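**Q** Before I ask anything, here is the structure I am working with.
What follows draws every value from the coordinates through simple rules; no lab data is involved. Just so it is clear, the model here is predicted, and its values are computed rather than measured. Glycine gets a Cβ as well: all are built from the backbone with ideal geometry, and neighbour counts include every protein chain shown.
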Amino acid sequence: MNVRHGATGRLRLRGCAAPLLAVLVAIVGAGCAEGRPESLLRVQTAEQIAARERSAAAEEGPAAPAAGTASSAAADDSGYKREATASDSGVPAADKPAGSGGTAPASAEPAAAGGDGAPAGRAAAAGGGGAPAGSAAAAGGDGAPAGAGSAPVAAPAAEPAAQAAAADTGARRPPKKPAFSIPVLNYHSIGVEPDNNAVLDPKKLEEQMAYLADNGYTTLTLGQFVDIWDGKAEAPDKAVLLTFDDGYADNYTEAMPILAKHGFRATMFVSPGMVGQDGYYADWDQIRAMRDAGWDIQPHGMTHPYLHKLPAEEQRKEIAGSIEALKRETGIDAVAFCYPYGMRNKETLKLLAEYGVRFAFTIDQGKTEPSQQPLQLKRLFVGGKDSLQTFVKKLQ
């Protein structure tokens, strides 16, 4: 703004500061009161005006924050430490005494000049009203005297401490136990071949079954195993699933009578293309008799091949052929499958799922638990050279 006084020239006043206008009005008024004509009034020099402005500012006290600066540190999600506002300590911002605040850190995020309703944790700009709780009103803003700000208050330490305690408690929590952990025992032939670890002496089988009976073990049927897996039934405290691979005739002549003495059940996996061969494998009449005695009969591939070495169509013939033959000869639907030699690949798994087989057993060692893939379940091999102590350790 420009002010002209007679012939004395032109003076440019910077801004619209109220203190400067007050000084000029006072000078003009004094001159008129003394009866001096306006032409005799001399305009003050720039140095004199600046000196008076500094004096006036000193009398009024600290200046309010200029528009575009924050009066409290802004809260954000960056992880930087922030200064708590009055509302953080449970004290309403309006109750904080005037002049208790200091200047904000340079990193604080400012509110727009004259903006109403600044976000919580941010300061309202000069002249802004309606600042929410947690923000400080600037000079001339509603609800706070000029020059008032929010006093930095220490953030409560109880909440971080409680979170740390909770995290510490969680870290010490013991791992959750599986819903069940069942030893699925893997037998093959039952006979007398001391040098063949895949053949178990009938006396050892009798000893093992006696141990299970005397120590309260429950042998599961395949149907009971499925119910446990599906959560329809709880596993007994000492559950065990007995499985016999390949369908040997001695499973009928030797194993079945021993298990029957203890009321035990088992599952036998057969390869239909080898049924009855050379008297070494059980024939269909023997297999049906085992079915009637409570044994579960399930497929083991048509000819006991290395499935993972076969092309997809050959694998299909092996899997589909064994499922169809078992159904035709015994009326049994395939629920589970046993991989010949424990070998499989992705195509094998895909085909089993396609034919509705829910479970498949490997020769990977370990107990069967719900964390395992149902088409890749573990078992525990029982060898002909195992002592009773070794057998007991496998159960534990």
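**Q** Cβ contacts < 7 Å: first residue of a type in the set (Phe, Trp, Tyr), restricted to segment 354-365; second residue assigned to a strand (DSSP E or B), any location; separation 6+ or different chain. Result?
**A** That search, which allows pairs on different chains as well, returns Phe359/Ala336; Phe359/Leu377; Phe361/Val184; Phe361/Thr243; Phe361/Ala336; Phe361/Cys338; Phe361/Leu377; Phe361/Arg379.
**Q** Please go through (1) without any contact (Cβ under 8 Å) to a residue 60 or more places away in the chain; (2) touching a Gly at 6+ places or on another chain (Cβ under 8 Å) for Lys378 and return the number of the only condition it doesn't satisfy.
**A** Among (1) without any contact (Cβ under 8 Å) to a residue 60 or more places away in the chain; (2) touching a Gly at 6+ places or on another chain (Cβ under 8 Å), the lone unmet condition for Lys378 is (1).
**Q** Restricted to segment 209-249, and to residues that are part of a helix (DSSP H, G or I) and of a type in the set (D, E, K, R), which residue is surrounded by the fewest Cβ atoms within 10 Å (Cβ to Cβ)? Quick ask: steps written out before the conclusion?
**A** So in segment 209-249, the residues part of a helix (DSSP H, G or I) come out as 209-214, 222-229, 249.
Filter once more, keeping what is of a type in the set (D, E, K, R): 214, 227.
On the way: Asp214: 9, Asp227: 15.
So, considering only residues that are part of a helix (DSSP H, G or I) and of a type in the set (D, E, K, R), the one surrounded by the fewest Cβ atoms within 10 Å (Cβ to Cβ) is Asp214.
**Q** Which condition from (1) among the aliphatic types (A, V, I, L, M); (2) closer than 26 Å to Gly301 by Cα; (3) surrounded by fewer than 16 Cβ atoms within 10 Å (Cβ to Cβ) is the one that Val192 breaks?
**A** Val192 satisfies every listed condition except (2).
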